[in-house]
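Peer 1: Pasting a structure here, questions to come.
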Amino acid sequence: MSGPYLRMLPPSASPLRPADIAAGIRAWVTGQGAQSLRREIKRRFGARHVFFATSGRAGLSALLRAMRTLCPQRDQVLLPAFTSFSVPSAVVNAGLKVGLYDVSPRTLAPDMASLEKAMNRKTLCVVACHLFGYPLDLEPLRELCRVHGAALLDDAAQAMGARAGTELAGTMGDAGLFSLSRGKNITAVDGGIVLTDREDLADALKVMPELFTEGSRLRPVQSLGLALALMAMLHPRAYWLPASLPFLGIGASVFDPDFRLESLDALRAGIARSVLDRLDDLNAARRRTAATLHAGLQGVPGVRVVQPAAGTVPVYLRLPLLPLSGAWPGGVAPEAQALGVVRSYPLALHRIPGLAPFLVSVGEYPGASMLAANLLTLPTHGHVRGDDIRAIVRAFQDLPAKRCARVKEVAA
Ligand SMILES: *Cc1c(COP(=O)(O)O)cnc(C)c1O
């Protein structure tokens, strides 16, 4: 039985298996999870220093606080005006101010003119985000940061395993970030990984008590409950349940600077170590699904799949789409939503009401505004099957017909 109301694709789902949870329990018992995870992250990403936090946001906040201790006279962090609301949440959590730069709606890459304009003597750090697993070439940003004495933070929370040329996302700046949250490339329920080769930054992180504070003793028990719930609920047969409970906030990006910095608990570290072994396979599967979706959408009028930059190897956390005409006729149909087709971040950052007091200045961000108004993303995770892909393609083929119908209504 799989009626439309029973089968519902989550927009993003990073799979957890019983074996991952068993590995988490082993790590909890032996206390060896973090050590083994650290060794593997160092090996895979060639990083000299690796730190863990209870979430990506917490890792980002810790990193910015550490940078500030090295450069106390600088207190502004420049962010792309279109990104996850977790990013400005972390900047405000760290007690810093937010500056914004625009992004190209065609490539999602930083608009260099806008970034240069935002740079000044107060710029502590520039954050670059490889959204949806599309890697950016950070060489131009590295150069600009060098000139201005600012640090570059390579936020690869959505791009673990992606490459630009020979460089891995997360390793292209002074420091890098991965997230282990539910919708990311791999998940351990939640978690953040910070990497850096800079000795001064690593030393500053090593003396941050927050990163080494174990939460409550019950934390691993809580993590276990969440991991089991996540494993069950992200299945297409079960997703209608969490999707219909708005207080779970599934899929929503919220601005909330009020969170605690804690270490990653042992159970999550063990889960992360276990899922990390499947990262390459999961990324390869997402690439195949993205390629099939792309091929299906090739001839569909009015639809443009965002193209990855030349020389990059994306990991397609989701497949981003834009309307050729500038706006989608009639918005996203409910059928498409049940197929995991969703709007991305609904606002450019300068439009988030709670963030206004922390913004240094506000300019024009036409690229980010266009993306916030129009970008749709398609799911690429392991639950997406061939018939789902055909149904998604059909939903977009039907769009022009809907527009005609609407025009007719107006004419009548
Ligand atoms: C998810 C994400 C983060 C970290 O968020 P958490 O949910 O706290 O792990 C940071 N940056 C970007 C671009 C993200 O998508």
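The values are calculated or read from the model by the stated rules, or taken from the named source; none is laboratory data. As the structure is a computational prediction, the values presented were derived from the model and not from experiment. All Cβ positions, even for glycine, are placed from backbone atoms using ideal geometry, and neighbour counts span all protein chains on display.
Peer 1: Which of the residues belonging to region 334-372 are in contact with a Gly (Cβ under 9 Å, 6 or more places away or on another chain) and part of a helix (DSSP H, G or I)?
Peer 2: Across region 334-372, the qualifying residues are HIS350, MET370.
Peer 1: While we're looking at this one, here's another question. Determine whether region 153-173 contains at least one residue that is of a type in the set (A, V, I, L, M) and over 30 Å from ASP281 (Cα atoms). Don't jump to the end; show me each part of the working.
Peer 2: Here is the first cut: in region 153-173, the ones of a type in the set (A, V, I, L, M) are 153, 156-157, 159-160, 162, 164, 168-169, 172.
With over 30 Å from ASP281 (Cα atoms) added as a condition, the list becomes none.
No, every residue in region 153-173 fails to be of a type in the set (A, V, I, L, M) and over 30 Å from ASP281 (Cα atoms).
Peer 1: Still on this model: Can you pull out the residues in region 374-388 that are in contact with a strand residue (DSSP E or B) (Cβ under 9 Å, 6 or more places away or on another chain) and in a helix (DSSP H, G or I)? Before the answer, list the steps.
Peer 2: Applying the first criterion (in contact with a strand residue (DSSP E or B) (Cβ under 9 Å, 6 or more places away or on another chain)) to region 374-388 yields 374-381, 384, 388.
Passing the criteria: ASN374, ASP388.
Peer 1: Looking at the structure I just gave you, is ASP111 among the charged types (D, E, K, R), buried (at least 23 other Cβ atoms within 10 Å of the Cβ), within 19 Å of VAL306 (Cβ to Cβ) and away from the ligand (no atom under 14 Å from the Cβ)?
Peer 2: Numbers: among the charged types (D, E, K, R): yes; buried (at least 23 other Cβ atoms within 10 Å of the Cβ): no; within 19 Å of VAL306 (Cβ to Cβ): yes; away from the ligand (no atom under 14 Å from the Cβ): yes.
Spelling it out, it is not the case that ASP111 is among the charged types (D, E, K, R), buried (at least 23 other Cβ atoms within 10 Å of the Cβ), within 19 Å of VAL306 (Cβ to Cβ) and away from the ligand (no atom under 14 Å from the Cβ).
Peer 1: Counting only residues that are crowded, with 24+ Cβ neighbours inside 10 Å and near the ligand (Cβ under 8 Å from one of its atoms), how many does region 143-189 have?
Peer 2: Matching residues across region 143-189 total 6.
Peer 1: Taking region 222-238 as the region of interest, how many residues are away from the ligand (no atom under 16 Å from the Cβ) and either crowded, with 23+ Cβ neighbours inside 10 Å or without any contact (Cβ under 8 Å) to a residue 24 or more places away in the chain (or both)?
Peer 2: First pass over region 222-238, keeping only residues away from the ligand (no atom under 16 Å from the Cβ): 222, 224-225, 228-229, 231-233, 235-238.
Now restrict to residues that are either crowded, with 23+ Cβ neighbours inside 10 Å or without any contact (Cβ under 8 Å) to a residue 24 or more places away in the chain (or both): 222, 225, 229, 232-233, 238.
Summing the residues that are away from the ligand (no atom under 16 Å from the Cβ) and either crowded, with 23+ Cβ neighbours inside 10 Å or without any contact (Cβ under 8 Å) to a residue 24 or more places away in the chain (or both) in region 222-238 gives 6.
Peer 1: Mind checking which pairs have a first residue in region 279-306 that is of a type in the set (Val, Ile, Thr) and a second that is surrounded by fewer than 17 Cβ atoms within 10 Å (Cβ to Cβ), Cβ under 6 Å, 6 or more apart or different chains?
Peer 2: From residues that are of a type in the set (Val, Ile, Thr), the pairs are VAL300/GLN397; VAL305/HIS294.
Peer 1: Does at least one position in region 67-85 carry a residue that is closer than 25 Å to ARG163 by Cβ, within 16 Å of the ligand (Cβ to nearest atom) and part of a helix (DSSP H, G or I)?
Peer 2: Start the filter on region 67-85 by keeping residues that are closer than 25 Å to ARG163 by Cβ, which leaves 78-80, 82-84.
Applying the additional criterion that residues be within 16 Å of the ligand (Cβ to nearest atom) yields 78-80, 82-84.
Now drop any that are not part of a helix (DSSP H, G or I), which leaves none.
So far as region 67-85 goes, no, none of its residues is closer than 25 Å to ARG163 by Cβ, within 16 Å of the ligand (Cβ to nearest atom) and part of a helix (DSSP H, G or I).
Peer 1: Identify the single condition in (1) modelled with pLDDT of 95 or more; (2) away from the ligand (no atom under 16 Å from the Cβ); (3) not acidic (Asp, Glu) that PRO4 does not satisfy, given that it satisfies every other one.
Peer 2: That leaves (1) as the condition not met.
Peer 1: Still on this structure, please answer the following. Name every residue in region 190-220 that is more than 15 Å from the ligand (Cβ to nearest atom), crowded, with 21+ Cβ neighbours inside 10 Å and at pLDDT below 95, in order of residue number.
Peer 2: PRO220
Peer 1: Is at least one residue of region 193-201 β-branched (Val, Ile, Thr) and under 24 Å from GLY24 (Cβ atoms)?
Peer 2: Step one: filter region 193-201 for residues β-branched (Val, Ile, Thr), giving 193-194, 196.
The next check asks that each one be under 24 Å from GLY24 (Cβ atoms); those that pass are 193-194.
Yes, the conditions are met somewhere in region 193-201.
Peer 1: Taking interchain pairs and intrachain pairs at least six residues apart, which have beta carbon atoms under 7 angstrom, with the first residue in region 171-200 and outside the structural domain of ILE271 (by TED's automatic domain parsing) and of a type in the set (Ser, Thr, Tyr) and the second more than 9 Å from the ligand (Cβ to nearest atom) and in a strand (DSSP E or B)?
Peer 2: That search, which allows pairs on different chains as well, returns nothing.
Peer 1: Of the residues ALA53, ALA47, which single one is in the same structural domain as ILE271 (by TED's automatic domain parsing), buried (at least 24 other Cβ atoms within 10 Å of the Cβ) and within 22 Å of ARG198 (Cβ to Cβ)? Quick ask: steps written out before the conclusion?
Peer 2: Details: ALA47 fails: buried (at least 24 other Cβ atoms within 10 Å of the Cβ).
After applying the criteria, what remains is ALA53.
Peer 1: For region 30-47, indicate whether the set of residues that are in contact with a strand residue (DSSP E or B) (Cβ under 6 Å, 6 or more places away or on another chain) and within 16 Å of the ligand (Cβ to nearest atom) is non-empty.
Peer 2: yes
Peer 1: Next up: Going by the conditions given, is PRO329 touching a residue at least 24 places away in the same chain (Cβ under 8 Å) and in contact with a helix residue (DSSP H, G or I) (Cβ under 7 Å, 6 or more places away or on another chain)?
Peer 2: yes
Peer 1: Another one. Of all residues being in contact with a His (Cβ under 9 Å, 6 or more places away or on another chain) and closer than 30 Å to LEU279 by Cα in region 123-137, which is nearest to the ligand (Cβ to nearest atom)? Just the residue, please. Steps first, please.
Peer 2: Within region 123-137, the subset in contact with a His (Cβ under 9 Å, 6 or more places away or on another chain) is 123, 126, 136.
Applying the additional criterion that residues be closer than 30 Å to LEU279 by Cα yields 126, 136.
Numbers: VAL126: 14, LEU136: 12 Å.
My answer is LEU136.
Peer 1: Checking ASN120 against (1) within 16 Å of the ligand (Cβ to nearest atom); (2) free of Cβ contacts under 8 Å to residues at least 60 places away in the same chain, which single condition isn't satisfied?
Peer 2: (1)
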